[in-house]
Structures are given as C-alpha cells and as structure tokens.
Amino acid sequence: MMTTLTLGFAAQAAFGFVAGLIVGVAYFASLWWNTRLFTTGSSGRAIALQFGRIAAAVAVLILLARLSLVTLLFGAFGFLIARFSLLWGLGAQR
C-alpha cells in the first residue's frame, strides 16, 4: 500500500517531468524559427524571440522551484530529455 508521502513524491516528480518536457520541446523547437529569422536578416525579431524563449524557460523553472526541489529536478530532467530527443531526431534527418 502506498503512503501519502510516496504518492506525493510521485505526483511531484511526474508533474515536474511533464512540465519540463513540454517547455523543453517548445524551447528547442522554436530554435528552428530563431535560426531561420537570423539567416533571413530579421535580426530584431530573432533577438526578441531569443529573449522570449529564455524568459519562458526561466519562468517555468522558477515556478517549479517554488513548488519543490523534486519538481525542479524532474522538470530539468524533462527539459534535457526534450533536448536530446529533438537534437537526435533532427540529426537523423540529414
């Protein structure tokens, strides 16, 4: 039988991982648009998008840190998994 503490840990870990994964996918997928803006000469838009990407990622990680250390750690892990998944998937398209 699971105790409340164990269930709370699992719920926090799952929430953090899913939140980190979603933010990570959005962050690294928008990197394609950012690169495209830089290469087409829209430097102002590219810089604004870059600041927006960083601000959104930092804001979500701060919110996860305010919830608990567990959600922050699993959120960061989800963010890294998203990075590895997208880079591996995009690298396979060459």
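The values are calculated or read from the model by the stated rules, or taken from the named source; none is laboratory data. All values reported here derive from a predicted model rather than from experimental measurement. Backbone-built Cβ (ideal geometry, glycine too); neighbour counts: all protein chains shown. The accessibility values were calculated without ligands, DNA or RNA, using every heavy atom of the protein model including side chains. Shrake-Rupley method; radii C 1.70, N 1.55, O 1.52, S 1.80 Å.
Numbers below:
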| item | result |
| --- | --- |
| Globularity ratio of the range 1-86, using Cα Rg and 2.2 N^0.38 Å | 1.33 |
| Over the chain, relative contact order from alpha-carbon pairs under 8 Å, at least 6 apart, % | 50 percent |
| Accessible area of the range 9-82 divided out per residue, in Å², using a probe of 1.4 angstrom | 61 Å² |
| Residue-averaged [θ]222 nm for the chain, counting only DSSP H segments that reach four residues, each worth -39500 (n - 2.57) | -32000 deg cm²/dmol |
| Estimated vicinal HN-Hα couplings, Hz - the range 14-24 in sequence order (Karplus 6.51, -1.76, 1.60; Gly, Pro = x) | 5, 4, x, 5, 5, 4, x, 5, 5, 5, x |
| Under the Karplus curve 6.51 cos²θ - 1.76 cosθ + 1.60, θ = phi - 60°, whole-Hz ³J(HN,Hα) for the range 50-65, x wherever Gly or Pro sits | 4, 5, x, 4, 5, 4, 5, 5, 5, 4, 5, 5, 5, 4, 5, 5 |
| Pairwise label distance in nanometres, Leu80 with Leu31, each label 7 Å out on the Cα-Cβ vector | 1.5 nm |
| Table column - 3J(HN,Hα) (Hz), the range 71-78, Karplus curve with 6.51, -1.76, 1.60, x for Gly and Pro | 5, 5, 5, 6, x, 5, 5, x |
| Accessible surface of the chain [probe 1.4 Å, protein heavy atoms]: carbon and sulfur percent | 75 percent |
